[in-house]
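The values are calculated or read from the model by the stated rules, or taken from the named source; none is laboratory data. Since the model is a prediction, treat every value here as computed from it, not as a measurement. Cβ coordinates were reconstructed from backbone atoms using ideal geometry, including for glycine residues, and neighbour counts include every protein chain displayed.
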Amino acid sequence: MNIALVLPIFIPMLAGALTLACWQWRNVQRILSLLSGTGLLVAGIYLFSQVRSQGILVAYMGNWSAPYGITLVADLLSAIMVLVTGIVGLSVAIYSLATMSKKHEAFGYYPLLHLMLAGVAGAFLTGDIFNLYVWFEIMLVASFGLMILGGERAQMEGALKYVTLNLLSSALFLTAVGLLYGYAGTLNMADLALKLGNGEQPGLVTVIAMLFMVAFGIKAAAFPLFFWLPASYHTPPVAISAVFAGLLTKVGVYALYRVFSLIFIQDIGLTHHNVLMAMGIFTMLTGVLGAAAQFEVRRILSFHIVSQIGYMLVGLALFTPLAIAGGVFYIFHHIIVKTNLFLISGIMYRYHGSYDLAKLGGLYRNAPWLAFLFLIPAMSLAGIPPLSGFFAKYTVIKAGVLEGAWWMVGIALLVGLLTLYSMVKIWAEAFWKPLPDEAKPLRGESDPQRYLLYLPVIVLAAMTLTIGLGAEWFIRLSLDTAAQLLNPNGYIEAVLGPLGSRS
Amino acid sequence: MENLFAFVIGALYATALFMMLRRSIVKLVIGLMILSNAANLLILSAGGLVRGAPPLIAEHLEQVTGPIADPLPQALILTAIVISFGVLAFAVVLIHRAYEVIGADDMNEMKSTDL
């Protein structure tokens, strides 16, 4: 059994259990949380380097060989996602030391956070589709708890929608898993790919594929299934919003990438080029238009999550090596940038006690470094060179041009422009205009915990710059990932053994 | 048997969605409960229904002979029941708290976090 595959799940799960045991001791919980965040990041780096040097890694749980037991598999996509989970987990663990109130900590913030990270890592690493459902549920139950931490009215309202839609999506997922098992008689993803590859009823498979698309589409907040996200993501404390914004929807996107590159590739013309493409285009457009209409920082950012999901979906929908590479690049760039933007919105809140753009102002004068730090992820999100977002958008759009998908190209460019508009709106309102009279400055640069707040923001901004300036290396990595995804035989052989040896 | 199951599953899905579309949050949670049970029954029937054949291999034998129930759907449903039970327990507590905080059982009163 390969330890590199187990550690990213085991470390946060252990931390969740230990922090639960240390319920009374806040400081112990905080130290455990930092240790677990660091451990997850180190485990992620280790896993990534292993996968990079040795190819796809496989571990059979309980030594039950492939189609029977639960398999953990890490290809490049999984490894990248686990690595980014570690980055986000550690950043949020540091940031929440300064922002979580005693009340939030007393109601189990740290156990829930780490159990959620364990669920996320598990979902990225599993090679069994029912096990994927189980990890989804672990992640969701923990996120439900995080969502209502504090128990304000807005959180209750947001949580009701979040819980309902996610449970509906889980039920659809379970339905699809049941039908798939009834059709193929297996749940191992590699085995499924093999069995569906020479199936007799492509129509039935397409129906099941559509069920999966709806189930994962709800989780990924794709058009027209995204309405729960802008209703709920801005309600919890900002550290929680940041980790949700960074990771949770991307688990849905990851599941779409995995399932629609490995299992459901019978009818690419319909499932990918038509349905996913339309979903992606409308997701981009509706998300950004929603964002343009908002005047509250976290709501603008929430709508932008939706909009950026669209780029990832069109990357998958085009289904060429370059497009998938663009989509993968987009996923890891977006997780870092979006987490960072939410963390920065938390710092903005500490200056003036509001997320409302009408009540913010003058931050450039009071906190020029914050303004600079905001510009990096904001411009990256909008796709200004040489930041990471430019290369992500460029790759996706170039793939669209090469395929002649002109509608997608045009709308992607327009959405980039509108993204820039709403980022400039935040800049102009919160940083540039003078402070309105009704706003009261709360704490300025004398904030005693500002190092804890700024450290993750600076590190994430530096990563955005690194991805942008060293884009060549990251694009090559994405192309390798895309090559792995587009060649399912490698995955199948890694899990089940050489193809010829099985009858 | 399969026909009966098909009717029951279809009726459960329909009832669940109908309940979820009501404005009352109590009915919403009842809808979610029914929905998870509908999905569980669907897995059971998709795995193949067998009457009176346990998923056991007879003594002295290496393989099964004759009809056998597929144990995997039962294992899946067992897992799914545990998960949905936990989640529903959470949902029930949530609507109780939401009712206390908001003071209404009506989804129409809960639009302040929307657009």
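Candidates A:Leu322, A:Leu313: the one that is at pLDDT 90 or above, of a type outside the set (S, T, N, Q) and surrounded by fewer than 24 Cβ atoms within 10 Å (Cβ to Cβ) is A:Leu322. Checking A:Phe173, A:Phe124, A:Phe144, A:Phe136 one by one, the residue that is more than 12 Å from chain B (Cβ to nearest Cβ) and closer than 23 Å to A:Ala222 by Cα is A:Phe124 and no other.
When the test is whether a residue is at pLDDT 90 or above and farther than 21 Å from A:Met312 by Cβ, A:Glu137 passes it. When each of A:Val243, A:Val275 is tested for being away from chain B (no Cβ under 14 Å), touching a helix residue (DSSP H, G or I) at 6+ places or on another chain (Cβ under 8 Å), at pLDDT 90 or above and buried (at least 24 other Cβ atoms within 10 Å of the Cβ), the lone residue that passes is A:Val243. With respect to the stated conditions, B:Ala11 fails to be surrounded by 13 or more Cβ atoms within 10 Å (Cβ to Cβ), farther than 30 Å from A:Met156 by Cβ and either free of Cβ contacts under 8 Å to residues at least 24 places away in the same chain or away from chain A (no Cβ under 11 Å) (or both).
Regarding the range A:388-397, can at least one residue be identified that is of a type in the set (D, E, K, R) and surrounded by fewer than 22 Cβ atoms within 10 Å (Cβ to Cβ)? No, the conditions are met nowhere in the range A:388-397. With respect to (1) in a helix (DSSP H, G or I); (2) facing chain B (nearest Cβ under 10 Å), the lone exception for A:Leu194 is condition (2). The sole residue among A:Phe264, A:Phe260, A:Phe332, A:Phe319 that is touching a residue at least 12 places away in the same chain (Cβ under 8 Å) and within 16 Å of A:Ile397 (Cβ to Cβ) is A:Phe319. Does A:Thr186 satisfy being outside any helix (DSSP H, G or I) and among the polar types (S, T, N, Q)? Yes. Residues in the range B:58-70: is at least one within 11 Å of chain A (Cβ to nearest Cβ) and either within 25 Å of A:Ile208 (Cα to Cα) or surrounded by 14 or more Cβ atoms within 10 Å (Cβ to Cβ) (or both)? Checked the range B:58-70: at least one residue is within 11 Å of chain A (Cβ to nearest Cβ) and either within 25 Å of A:Ile208 (Cα to Cα) or surrounded by 14 or more Cβ atoms within 10 Å (Cβ to Cβ) (or both).
The residues of the range A:70-82 that are among the hydrophobic types (A, V, I, L, M, F, W, C) and over 12 Å from the mean Cα position of the chain (by Cα), listed by number, are A:Ile70, A:Leu72, A:Val73, A:Ala74, A:Leu76, A:Leu77, A:Ala79. Quick check: anything in the range B:38-53 among the aliphatic types (A, V, I, L, M) and surrounded by fewer than 13 Cβ atoms within 10 Å (Cβ to Cβ)? Among the residues of the range B:38-53, at least one is among the aliphatic types (A, V, I, L, M) and surrounded by fewer than 13 Cβ atoms within 10 Å (Cβ to Cβ), which makes the answer yes.
When every residue of the range A:206-227 is checked against the conditions, at least one turns out to be out of contact with any Phe, Trp or Tyr (no Cβ under 9 Å at 6 or more places or on another chain), over 27 Å from A:Ala74 (Cβ atoms) and within 11 Å of chain B (Cβ to nearest Cβ).
If you go through the range B:85-115 and keep only what is facing chain A (nearest Cβ under 9 Å), outside any helix (DSSP H, G or I) and not polar (S, T, N, Q), you end up with B:Met110, B:Lys111, B:Asp114, B:Leu115.
Scanning the range A:284-310 for residues that are in a helix (DSSP H, G or I), of a type outside the set (Gly, Ala, Ser) and out of contact with any Ser or Thr (no Cβ under 7 Å at 6 or more places or on another chain) turns up A:Leu285, A:Thr286, A:Leu289, A:Arg299, A:Phe303, A:Gln308.
Residues of the range A:121-130 that are more than 14 Å from the chain's Cα centre (by Cα) and closer than 21 Å to A:Ala43 by Cα: A:Leu125, A:Thr126, A:Gly127. Restricting attention to the range B:71-84 and to residues that are touching a residue at least 12 places away in the same chain (Cβ under 8 Å) and among the polar types (S, T, N, Q), the residue that is nearest to the other protein chains (Cβ to nearest Cβ) turns out to be B:Ser84. Scanning the range A:364-409 for residues being under 21 Å from A:Leu322 (Cβ atoms), in contact with a helix residue (DSSP H, G or I) (Cβ under 9 Å, 6 or more places away or on another chain) and either at pLDDT 90 or above or not aliphatic (A, V, I, L, M) (or both) gives a total of 24. At least 3 residues being under 19 Å from the mean Cα position of the chain (by Cα) is the threshold, and among the helices (runs of 4 or more DSSP H) wholly inside the range A:317-399 those reaching it are A:321-352, A:368-382.
Whenever a residue of the range A:273-292 is of a type in the set (S, T, N, Q), its partners that are in a helix (DSSP H, G or I), lying with C-beta atoms within less than 8 angstrom and at least six residues away or across chains, give the pairs A:Thr283/A:Val306; A:Thr283/A:Ser307; A:Thr283/A:Ile309; A:Thr283/A:Gly310; A:Thr283/A:Leu313; A:Thr286/A:Val306; A:Thr286/A:Ser307.
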